[in-house]
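Beneath this line is the structure, given in structure tokens, with notes to follow.
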Amino acid sequence: MPAQIIDGAAIARQLRELVAAEVSKLKATKGVTPGLAVVLVGENPASQVYVKSKSKQAAETGIKAIDHRLSETTTEAELLSLVQKLNADPAVHGILVQLPLPSQIRSAEILRAIDPAKDVDGFHPINVGLLATAQLEHALVPCTPLGSLILLKRHLGTIEGLNALVIGRSNIVGRPMVQLLLNESCTVEIAHSKTDDLPAHCRRADIVVAAIGKPEFVRGDWIRPGATVIDVGINRIAGSEGKTKLVGDVAFEEASKIAGAITPVPGGVGPMTIACLLANTLTSACRHAGVKAPEWTKAIRA
Ligand code: NAD
């Protein structure tokens, strides 16, 4: 039987609708409009596209997006000074500094300077530590793994006791994904570039999360029949007639004949990432207003 396709675009729309409803409630009950500051340094074309869609989708949910465009030659001190201003601004509940930054600026210094309570990317060491110690009620969780978990839970319901394999150990995706799955009581394995016999690890997994950055790297015959596959990868490769196309880290045609369910690329995890950024901004605004924020992984159910 062919795999069920997990429609990330539709689920992301559902999440944005829920965020919009909660934004209206916060405005009505507390007079608070969630504010998201999006900081872009330089002219990186991919970053410009991301930042534009983040601001547009924020505005559509009633979040006030405030764009800060800085020149390619901005110094670390100048960017730190802007971050400090945003930290102190009560109208700003979320601060996002788009990565990568130009080489004269150390990303780690900037990410550490962001107020953890406004760190809607969830990259500050305080948020990393809160996630690692299961204090999710105080943490802001990185958007891509949060979106991946929402897709998994929406599809499978409870995932307790399942064997999950995360391929990739980046700070942005792999590591926080491991922590989230552990919090859900999965038995979690982490694979990376030095892992021996990756196909054998895959064949044991009920859940595979691939965050590698290598086009169609995970083959269909590595997948355990009926497993759920979350493909985080976004890779641009040559397509037909001189065009390019996007593919994931999993060989979709092969894997979708064996898996129980799989996310497509595009239209899987990608749309969830921005939706979760908006959800995190609302979470931060709720906490600043002393209101309980929704539990997003529970709120989005089939
Ligand atoms: P990264 O380069 O920081 O990390 C890649 C990881 O893959 C590393 O930990 C590495 O150990 C592992 N790896 C590399 N070769 C391997 C191999 N042969 N076997 C096993 N593991 C191997 O990348 P990242 O930032 O985590 O991103 C991963 C992918 O996810 C990329 O394609 C990226 O574009 C995509 N991504 C998508 C979203 C989204 O919104 N959908 C967000 C972030 C990243």
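The values are calculated or read from the model by the stated rules, or taken from the named source; none is laboratory data. Values in this document were obtained by computation on a predicted structure and should not be read as measured data. Methodologically, a virtual Cβ is constructed for each residue, glycine included, from the backbone with ideal geometry; neighbour enumeration extends over all protein chains shown. Ligands, DNA and RNA are excluded from the accessible area calculation, which covers all protein heavy atoms including side chains. Shrake-Rupley method; radii C 1.70, N 1.55, O 1.52, S 1.80 Å.
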For Val41, what residues show an amide H to amide H distance below 5 Å, using hydrogens built from the backbone and excluding near sequence neighbours?
Leu70, Gln98
Between region 163-232 and region 1-54, how far is it from one alpha carbon centroid to the other, in angstrom?
26 Å
Which number comes out as Rg/Rh for region 159-297 once both Rg and the Kirkwood Rh are worked out on C-alpha atoms?
1.02
Holding the Cα-Cα limit at 24 Å, pick out from Lys27/Lys292; Lys64/Lys118; Lys54/Lys245; Lys153/Lys194; Lys30/Lys52; Lys54/Lys194 the pairs that are longer than that.
Lys153/Lys194; Lys30/Lys52; Lys54/Lys194
Please state the relative contact order of region 148-243 as a whole percent: Cα pairs under 8 Å, 6+ residues apart?
28 percent
Carbon + sulfur, % of accessible area of region 181-228 - ligands and nucleic acids excluded, 1.4 Å
48 percent
Summarise the accessible area of region 73-137 (1.4 Å probe, protein heavy atoms) by the percent that is carbon and sulfur.
60 percent
For the chain, what is the charge dipole size about the Cα centre, in debye to the nearest 20, if Lys and Arg each add +1 at the Cβ and Asp and Glu each add -1 at the Cβ?
580 debye
With a Förster distance of 45 angstrom and the Cβ-Cβ distance between Thr29 and Lys245, calculated FRET efficiency to the nearest 0.05 equals 0.45
Solvent-accessible area per residue, Å², over region 45-120 with all protein chains present [probe radius 1.4 Å]
50 Å²
Just the Cα atoms of region 113-216: what Rg and Dmax do they give in Å?
13.9, 42
To make sure I understand the rule: partners must be aspartates and glutamates, Cα under 17 Å from the Cα of Lys298, and not fewer than 8 residues away in the same chain. Which ones qualify?
Glu17, Glu22, Glu137, Glu160, Glu184
May I ask you to derive the FRET efficiency for Glu160 and Ser71 from their Cβ-Cβ distance with R0 = 51 Å, giving the value to the nearest 0.05?
0.55
Residue-by-residue Karplus 3J(HN,Hα) for region 196-203, coefficients 6.51, -1.76, 1.60, Hz, glycine and proline x
8, 6, 4, x, 5, 5, 4, 5
In terms of modelled amide H atoms, which long-range or inter-chain residues lie less than 5 Å from the amide H of Ile66?
Leu36, Ala37, Val38
Taking just the alpha-carbon atoms of the chain, what radius of gyration and Dmax come out, in angstrom?
19.1, 57
For region 11-119, what number results from the quotient of the Cα radius of gyration and 2.2 N^0.38 Å?
1.13
Over region 174-302, with the other protein chains present, what is the accessible area per residue in square angstrom, probe 1.4 angstrom?
45 Å²
